[in-house]
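Below is one structure, written out as structure tokens; the observations come after it.
The values are calculated or read from the model by the stated rules, or taken from the named source; none is laboratory data. Please read all numbers here as calculations on a predicted model, not as lab measurements. All Cβ positions, glycine included, derive from the backbone under ideal geometry; neighbour counts span all protein chains shown.
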Amino acid sequence: MSQTREIELTCERMSYGPDAVARDESGKTVFVEGAVAGDRVRAVVDRDEDRWAHARAVEVLDASPDRVTPACPFAGACGGCPWASLSYPAQAAAKRSGVVDALARIGRMGTERAEVLVRPLVSPSDPWGYRNKVELAVMRDRGRAVLGMHGRGEADVVRVKSCMLLDKAHAGAVRAVSGALTYLSNSHHLDLERVGIRVSRRTKDVEVALWDRPGAFPRAQAAKVLSDALKPTSVVRVMQKGPAKARRIAGVECLSGAGSWGEIVGDERMRVSAPSFFQVNTRGAEKLVELVLDSLDPQGDEEAMDLYCGAGTFTLPLARRAGFVSAVESYGPAVRDLRRNLETAGLDNVDPIGGDAGREFPDTDADVIVVDPPRAGLAEDVVRRLSEQPARAIAYVSCDPATLARDLARFEEAGTFSPAHVTPVDLFPQTYHVETVTLLERTEARGL
């Protein structure tokens with residue numbers, strides 16, 4: 001049911017999402033866009049369902065003590081900083097509380113146990129300027145291309161001079177790339193779908209990735225206008241096929257430079273191709289590696305397993321300390337990146353396995369295991385197979401508290417492993433997203 005009505009609300013907390021949470025006079029949960037926890041607002045309800053509603057704040061009647069003026073002037077329109085009006089200490093508290101709530105409700109652990117399990121949130125980077133990657137949206141307005149940041153609405157594009165989340169040393173990259181590609185798109189009728197910019201303060205690498213469909217493409221002109229505007233170390237074209245929600249990579253072309261992006265994570269030098277996933281917060285990635293290795297403490301005579309390993313963020317440091325590593329990754333470009341990174345590092349004690357973690361589960365007995373699945377979490381079959389391993393410990397790296405909580409409940413039902421502690425890590429300040437590192441130990445070893 002949908003209708004429009006105006007109400008006054010007092011926001012109680014932040015949701016795991018961009019909105020604050022309030023209750024109307026009937027006790028119904030209302031998700032309030034444009035508000036922060038502690039605000040009293042006048043809001044317009046734009047969606048009203050049986051058990052919940054959504055509203056837009058149109059006036060702040062009493063501001064929360066945690067409300068701040070966003071450092072970025074585009075925060076209200078751009079979708080990249082939905083929590084920018086919330087003070088950073090309040091963001092940190094809300095993120096930890098969100099993890100506790102997910103474990104208590106979805107993981108069925110209860111609030112008391114969840115509070116004991118979840119450690120204080122770790123903030124490894126500055127609240128602004130921490131990203132090594134931004135993505136530009138592309139739209140057409142009266143036949144002309146417009147490039148900018150993704151807006152809060154699904155089809156909105158916000159034109160900005162710079163992104164305050166991007167590494168400060170490369171603040172001008174957004175404007176330079178937007179200007180160059182707007183010109184190129186309108187003069188050569190490019191049909192770009194999106195544009196990725198990756199930067200590194202450590203290696204000085206700057207890569208621009210142009211995402212489009214297969215077909216004719218002005219390769220030389222694209223390389224030249226971007227070189228004139230930004231002098232990137234790599235320009236690549238990533239071609240996709242298939243419907244919008246099921247895109248697949250049809251090919252990658254190097255238009256100029258190295259054809260990949262380089263970064264240094266801890267002691268490891270890595271190269272990553274444009275289609276491959278890499279954490280957008282380099283200092284955050286280092287903290288994840290540190291937490292995983294400290295939790296597992298792999299030994300030279302032990303065998304390790306790294307599932308959903310990507311280009312090798314955990315694989316490389318694991319291989320430095322463990323005797324052997326079985327590394328599984330389903331995404332073809334990431335597998336190729338992993339092989340190249342292992343060769344560059346001179347590591348020959350890793351078996352890179354391409355394929356789904358469930359179908360290509362290593363036929364080995366691991367002593368320590370790392371899992372870093374996508375947002376959907378672990379398949380039930382993978383939890384079962386992990387529970388059958390003789391490993392002494394598992395480090396579960398998660399980007400979604402809800403699927404983490406679900407999977408931890410499945411591990412406990414299997415009876416082999418139980419969470420010892422959960423550490424939230426803030427890789428994404430100014431947003432609701434939070435990463436976690438969970439140490440699972442054998443139930444009998446913990447006396448449970």
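Brief remarks follow.
- Filtered by the rule that a residue be crowded, with 19+ Cβ neighbours inside 10 Å, within 30 Å of Ile394 (Cβ to Cβ) and of a type outside the set (Ser, Thr, Tyr), segment 257-274 gives Glu263, Val265, Glu268, Met270, Arg271, Val272.
- Residues that are in contact with a Lys or Arg (Cβ under 6 Å, 6 or more places away or on another chain), surrounded by fewer than 15 Cβ atoms within 10 Å (Cβ to Cβ) and not in a helix (DSSP H, G or I), drawn from segment 153-176: Lys161
- Some residue of segment 213-232 being in the same structural domain as Ala137 (by TED's automatic domain parsing) and in a strand (DSSP E or B): no
- Boolean, Glu329 is touching a strand residue (DSSP E or B) at 6+ places or on another chain (Cβ under 8 Å) and farther than 20 Å from Ser276 by Cβ: no
- Sole residue being surrounded by fewer than 19 Cβ atoms within 10 Å (Cβ to Cβ), among the β-branched types (Val, Ile, Thr) and either in contact with a Gly (Cβ under 8 Å, 6 or more places away or on another chain) or touching a residue at least 40 places away in the same chain (Cβ under 8 Å) (or both), chosen from Thr403, Thr423: Thr403
- Unique residue being surrounded by fewer than 16 Cβ atoms within 10 Å (Cβ to Cβ), touching a residue at least 60 places away in the same chain (Cβ under 8 Å) and under 16 Å from the mean Cα position of the chain (by Cα) when the list is Pro429, Pro374: Pro374
- Filter result for the condition that a residue is closer than 30 Å to Asp126 by Cβ and in the same structural domain as Arg283 (by TED's automatic domain parsing), over Asp426, Asp407: Asp426
- Selected residue (only one of Arg410, Arg359 is farther than 23 Å from Arg320 by Cβ and without any contact (Cβ under 8 Å) to a residue 24 or more places away in the chain): Arg359
- Which listed residue is surrounded by 21 or more Cβ atoms within 10 Å (Cβ to Cβ), under 21 Å from the mean Cα position of the chain (by Cα) and part of a strand (DSSP E or B), from Val99, Val134: Val134
- Only residues that are assigned to a strand (DSSP E or B) and either among the acidic types (Asp, Glu) or closer than 26 Å to Arg175 by Cβ (or both) were counted in segment 253-278, giving 10.
- Condition met for Thr423 (β-branched (Val, Ile, Thr) and not in a strand (DSSP E or B)): no
- Filter result for the condition that a residue is outside the structural domain of Met149 (by TED's automatic domain parsing), within 29 Å of Gly377 (Cβ to Cβ) and touching a strand residue (DSSP E or B) at 6+ places or on another chain (Cβ under 9 Å), over Gly80, Gly34, Gly38: Gly80
- Residues of segment 102-131 that turn out to be in a loop (DSSP other than H, G, I, E, B) and loosely packed, with under 14 Cβ neighbours inside 10 Å, as a count: 3
- Scanning segment 27-57 for residues that are in contact with a Ser or Thr (Cβ under 7 Å, 6 or more places away or on another chain), buried (at least 17 other Cβ atoms within 10 Å of the Cβ), of a type in the set (A, V, I, L, M, F, W, C) and under 15 Å from Glu12 (Cβ atoms) returns Phe31, Val36, Ala37.
- Screening Ala137 with (1) outside the structural domain of Leu181 (by TED's automatic domain parsing); (2) small (Gly, Ala, Ser); (3) in contact (Cβ under 8 Å) with a residue 24 or more places away in the chain gives one miss only, at (1).
- In segment 302-316, the qualifying residues are those that are more than 19 Å from the chain's Cα centre (by Cα) and under 21 Å from Glu388 (Cα atoms), and the one that is surrounded by the most Cβ atoms within 10 Å (Cβ to Cβ) is Met305.
- Top-ranked residue in segment 1-26 [being of a type in the set (A, V, I, L, M) and surrounded by fewer than 17 Cβ atoms within 10 Å (Cβ to Cβ); ranked as nearest to Asp426 (Cα to Cα)]: Ile7
- Among the candidates Val157, Val146, Val116, residue that is over 27 Å from Phe278 (Cβ atoms) and without any contact (Cβ under 8 Å) to a residue 24 or more places away in the chain: Val116
- Positions within segment 177-212 being at pLDDT 95 or above, part of a strand (DSSP E or B) and of a type in the set (Asp, Glu), in sequence order: Glu207
Yes/no matrix, rows are residues, columns are (1) among the polar types (S, T, N, Q); (2) closer than 21 Å to Gly377 by Cα; (3) touching a Leu at 6+ places or on another chain (Cβ under 6 Å):
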{"position": "Arg96", "(1), (2), (3)": "no, yes, yes"}
{"position": "Gly107", "(1), (2), (3)": "no, yes, yes"}
{"position": "Ala114", "(1), (2), (3)": "no, yes, yes"}
{"position": "Leu117", "(1), (2), (3)": "no, yes, no"}
{"position": "Asn132", "(1), (2), (3)": "yes, no, no"}
{"position": "Val138", "(1), (2), (3)": "no, no, yes"}
{"position": "Arg142", "(1), (2), (3)": "no, no, no"}
{"position": "His150", "(1), (2), (3)": "no, no, no"}
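- Answer residue from segment 224-256, given it is under 17 Å from Trp211 (Cα atoms), among the small types (Gly, Ala, Ser) and surrounded by fewer than 21 Cβ atoms within 10 Å (Cβ to Cβ) and is modelled with the highest pLDDT among those: Ser256
- Sole exception among (1) under 28 Å from Gly196 (Cβ atoms); (2) surrounded by fewer than 16 Cβ atoms within 10 Å (Cβ to Cβ); (3) touching a residue at least 24 places away in the same chain (Cβ under 8 Å) for Ser85, by number: (2)
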